[in-house]
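The values are calculated or read from the model by the stated rules, or taken from the named source; none is laboratory data. All values reported here derive from a predicted model rather than from experimental measurement. Note that each Cβ is placed from the backbone with ideal geometry, even for glycine, and that neighbours are counted across all protein chains shown. Protein only, heavy atoms only, side chains kept; ligands, DNA and RNA dropped before computing areas. Shrake-Rupley method; radii C 1.70, N 1.55, O 1.52, S 1.80 Å.
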Amino acid sequence: MLPVLIICVTFTVGALAAPVDALSNFFRDKTKIDKPFELRDPFKAPHSKVEKGEIKKEGYFSSGKGEYSNIQTSKVTSVETIKVVGVLIGRERRAMVKNGDGGPIIILKEGMKIGEDGAELKAILPGGIILVEKIVNVYGQEEYLETVIPISK
């Protein structure tokens, strides 16, 4: 009984003296990389940290919907101050407007919301643009106010 007890104690002490993390000791002599298991998988694409909204990369802007443009967009602040400089008629119609007399040319397309009141650009015609604005009249009823802005000369 005593030899069996001595053998069990020897194996237990030997097992406790063994290194806890065998993999770290395995790579200690074979590589210079400190923590090889914390590296990313080389067969997977790296995670890109993309935020929602507009992102600028190398002169191109992305709206987040798969649309890319090299024209930086700015906002139209007021419907009363815009001037229609020109229109592009085709499959996708565009209107070129300016805020007041100066400033950059802003390119609009049908369906965009314009100004602080949220007037929608309903139609782009060869002579100008049509804006539709939803207002509440004095009786508390909703009305649609249409504004036609001709091309400025």
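Mind counting the residues in the range 94-106 that are open to solvent by less than 80 Å² (accessible area, probe 1.4 Å) and in a loop (DSSP other than H, G, I, E, B)?
Total meeting the criteria: 3.
Name every residue in the range 28-55 that is over 29 Å from GLU67 (Cα atoms), modelled with pLDDT under 75 and open to solvent by less than 100 Å² (accessible area, probe 1.4 Å), in order of residue number.
Result: THR31, PRO36.
If you take the residues of the range 93-107 that are farther than 12 Å from GLY128 by Cα and of a type outside the set (Val, Ile, Thr), which of them is nearest to the chain's Cα centre (by Cα)?
My answer is PRO104.
Residues being open to solvent by 80 Å² or more (accessible area, probe 1.4 Å), at pLDDT 90 or above and not in a strand (DSSP E or B): count how many of those fall in the range 107-153.
Count: 5.
Can we say ASN25 is over 26 Å from the mean Cα position of the chain (by Cα) and at pLDDT below 80?
Spelling it out, ASN25 is indeed over 26 Å from the mean Cα position of the chain (by Cα) and at pLDDT below 80.
I want to confirm something. Restricting to the range 79-92 and keeping residues that are closer than 12 Å to GLY128 by Cβ and not hydrophobic (A, V, I, L, M, F, W, C), which single residue is surrounded by the fewest Cβ atoms within 10 Å (Cβ to Cβ)?
For the range 79-92, the residue satisfying everything is GLY86.
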